[in-house]
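What follows is a set of notes on a single structure, which appears directly below.
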Amino acid sequence: MKSKKKSIFRSWRLRRGLLCFITAGTMTAANGAAPAMSVEEIHPPHWWVGMKDSSLQLQVHGKNIREAEFSLNYPGVTVDSVVRLDGSPNWQYVYLNISSAARPGVMQLQWKSGKKKITEKYELRERKEQRGAQGFTAADVLYMVMPDRFANGDESINDVATLRNHVEVDRSNPNTRHGGDLKGIRNHVDYLDTLGITALWLNPVLENDMKGGSYHGYATTDYYKVDPRFGSNADYEELIDTLHNHGIKTVMDMIFNHCGSGHPWFTDRPSSDWFNFPDGYVQTNYRLSTITDPYATDYDRKLTQDGWFVAEMPDLNQRNPHLMKYLVQNSIWWIEEGQIDGIRMDTYPYADERAMARWIDDVKKEYPDFNIVGECWFGETGGEAYWQKGSPLATKKNPDTNLPVVMDFPLMIKSRDMAPFKAETDPWNGLNVIYDHLALDYLYPDPMSVLRFLDNHDTERFILTEPKTLDQWKQALTILLTIPGIPQLYYGTELLMHGTREGGDGNVRKDMPGGFPGDEVSVFTSEGRTPLQNEAYDFISLICNWRKGSKAIGEGSMKHFMPTNGVYLYERKAGDDTVIVMMNGTDSANDADMTRYMEVIGEGEKFTDILTGETVVPVTADKKYRFAPREIRILTK
């Protein structure tokens, strides 16, 4: 295994033509004296014995540390290699092998340069009793939160003096920091529990020490440290533990495609190819179709994957094995240390797909039940479906991505036809759009592992203005929460939050009223919500809490009837557990002939409507059923 790893690194270095040495050596200054050196930081901060992968990369950052001789003496641990790249002299990559004989304890790591020696302690820990790594499935409902906009639980960390870039909290500006934090979320876990969600997806919580605030979290400057304006690593772990105590999983948002320009990697680069287009900002073309396009030019494809999103987010080169090893270990570290249950990977197709497929393999080998969803933003189901693991569309040029879960962006886009429902001109058009969309699920290797959503932090809100009634809104949420796949709600949906991206993304990332000091009302209690908001909250809460025990919804098959005369009806079934969903997509009473639905509903068969508690007989002797305007029924036996 050692020789194979060395061979891989050696061949990679030769291909890249890098000045990179594995043998130990000492750099000498012009006057014969070794230059001053230091060890400022080691990543990961600690590790564990008993991991399935015995290899451990230590990224060592410190002044002139690259050429220093490294050694250690610890039972069960050996030095595999020491890698020195061609970039800044302030980085060294040490590869250790931690055998099954190694026991928890503190290792003494030593560096020598000339007569100077540095010794650092490094802890190998016993693995934690695992409460996380549960994964998430179609039995869950994911609730997505932008931490800066949910609730402020600790005003003392609104501004942190240790950060290089100080950004004032200004809630009057929708596009800067508002002061939300992890304690604020923890203060309202009961609210989430009552709502019935079973998994919390937080937008990135890691340090974003960037000019302009980077309140959204997508410009990482430290992969092992929670942004201190959100709290500490301990605060994050405490939140996850609290969520687990309420039966709620945690999905961590990660970004491998790029980092923030304030990251030490960018300001003091480890190697000449650590970043794509290393000579300066070259913007991506944002055209993901080039990756699978059989006619695409090398130029267009390279620009897609290697171009930068924005100048402040330099594009990482996942083809560099030392960088990719760092990122893989970082994921495993957060799973083990933080006890997270899943990962949402940002801008998934923009990174190197082969490296990302190996990353998923490495994570799943360590945590078989863990789950990962990738952001693959395509407007059509065909483009989306290729990115899911097991796709028959995979080729030698575009191999299997290994990605378990993809996001249903086409549903989000098509649901815009549901938002107004076009009721004035074509009352049932919106339901036919959904029917036709779901009819394409055959393109997915696993439709139950498709993340379904109506909106998120990067899109306009599902409703652009607050509705006068919830008839149409309820139909959209019913579909989202009962069709095959993993439903995701965007925070505030249950409170009818609305808005467009006009004027900036901040307009679709508004604060939760009552989560911040000085708020006049609090939507976290029924007393602080309007009657319409309470109606919306109670509706979602009812369905979310009911579906926790529904095998048909969590893992069942789907059979749906093409909408006819405005009526859409479908069956979800798993063994003896049957759910019938039916709705009238018109604003008028609707007398429906139920004969065609007898394929799934027997004459005289009785059901209970989970929304009202009523006993319902959909098919009577005359085969007629009168739907009220916009009526929804979720029927169980």
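Out of the residues in segment 593-637 that are touching a strand residue (DSSP E or B) at 6+ places or on another chain (Cβ under 6 Å) and among the acidic types (Asp, Glu), state the one that is least open to solvent (accessible area, probe 1.4 Å).
Among residues in segment 593-637 that are touching a strand residue (DSSP E or B) at 6+ places or on another chain (Cβ under 6 Å) and among the acidic types (Asp, Glu), the one least open to solvent (accessible area, probe 1.4 Å) is Asp609.
Pairs under 8 Å by beta carbon, first residue under 21 Å from Phe409 (Cβ atoms) in segment 387-399, partner polar (S, T, N, Q) and open to solvent by less than 40 Å² (accessible area, probe 1.4 Å), six or more apart or different chains?
Close Cβ pairs satisfying both conditions: Trp387/Thr401; Gln388/Thr401; Gln388/Ser449; Lys389/Thr401; Lys389/Asn402; Ser391/Thr401; Ala394/Thr401.
Quick check: anything in segment 92-112 of a type in the set (A, V, I, L, M), under 24 Å from Met324 (Cβ atoms) and touching a residue at least 60 places away in the same chain (Cβ under 8 Å)?
yes
Going by the structure shown, is Val160 closer than 26 Å to Asp209 by Cβ, of a type in the set (Val, Ile, Thr), in contact with a Pro (Cβ under 7 Å, 6 or more places away or on another chain) and at pLDDT below 95?
yes
Six or more apart or on different chains, Cβ under 9 Å: which pairs go from a residue in segment 566-579 that's within 14 Å of Asp609 (Cα to Cα) and touching a residue at least 40 places away in the same chain (Cβ under 8 Å) to one that's open to solvent by 10 Å² or more (accessible area, probe 1.4 Å) and among the aliphatic types (A, V, I, L, M)? Could you list them?
Here the result reads Thr578/Val600; Val579/Ile610, each pair linking segment 566-579 to a residue that is open to solvent by 10 Å² or more (accessible area, probe 1.4 Å) and among the aliphatic types (A, V, I, L, M).
Which residue, of Leu192, Leu200, is open to solvent by less than 10 Å² (accessible area, probe 1.4 Å), of a type outside the set (Asp, Glu) and assigned to a strand (DSSP E or B)? Break it down into steps so the answer makes sense when it comes.
Details: Leu192 fails: assigned to a strand (DSSP E or B).
Result: Leu200 is the single residue among Leu192, Leu200 that is open to solvent by less than 10 Å² (accessible area, probe 1.4 Å), of a type outside the set (Asp, Glu) and assigned to a strand (DSSP E or B).
Among the residues of segment 203-215, which ones are touching an Asp or Glu at 6+ places or on another chain (Cβ under 7 Å) and in a loop (DSSP other than H, G, I, E, B)?
Result: Asn203, Pro204, Val205, Asn208, Met210, Tyr215.
So which residues in segment 564-591 are under 24 Å from Leu470 (Cα atoms), open to solvent by less than 10 Å² (accessible area, probe 1.4 Å) and assigned to a strand (DSSP E or B)?
Val567, Tyr568, Leu569, Tyr570, Val579, Ile580, Val581, Met582, Met583, Asn584
Taking His457 and the conditions (1) under 27 Å from Lys551 (Cβ atoms); (2) surrounded by fewer than 23 Cβ atoms within 10 Å (Cβ to Cβ), which numbered condition does it fall short on, given that it satisfies the others?
(1)
Just checking, does segment 288-307 include any residue being in a helix (DSSP H, G or I), in contact (Cβ under 8 Å) with a residue 40 or more places away in the chain and open to solvent by 40 Å² or more (accessible area, probe 1.4 Å)?
yes
Residues in segment 269-284: is at least one surrounded by 16 or more Cβ atoms within 10 Å (Cβ to Cβ), under 29 Å from Ile185 (Cβ atoms) and of a type outside the set (A, V, I, L, M, F, W, C)?
The answer is no; no qualifying residue exists.
Might you check whether a residue that is modelled with pLDDT under 50, in a helix (DSSP H, G or I) and among the polar types (S, T, N, Q) occurs anywhere in segment 28-50?
Within segment 28-50, not a single residue is modelled with pLDDT under 50, in a helix (DSSP H, G or I) and among the polar types (S, T, N, Q).
Looking only at segment 507-534, how many residues end up being open to solvent by 50 Å² or more (accessible area, probe 1.4 Å), in a loop (DSSP other than H, G, I, E, B) and either under 17 Å from Asp148 (Cα atoms) or not charged (D, E, K, R) (or both)? Reasoning before the result, please.
First pass over segment 507-534, keeping only residues open to solvent by 50 Å² or more (accessible area, probe 1.4 Å): 510, 517-518, 520-521, 525-527, 530-531.
From the residues that got through so far, the ones that are in a loop (DSSP other than H, G, I, E, B) too are 510, 517-518, 520-521, 525, 530.
Okay, now just the ones that are also either under 17 Å from Asp148 (Cα atoms) or not charged (D, E, K, R) (or both), so 510, 517-518, 521, 525, 530.
Total meeting the criteria: 6.
The values are calculated or read from the model by the stated rules, or taken from the named source; none is laboratory data. Source: prediction; values computed, not measured. Reconstructed Cβ throughout: ideal geometry from the backbone, glycine too, with neighbour counts over all protein chains shown. The area values use the complete protein model at the heavy-atom level, side chains included, leaving out ligands, DNA and RNA. Shrake-Rupley method; radii C 1.70, N 1.55, O 1.52, S 1.80 Å.
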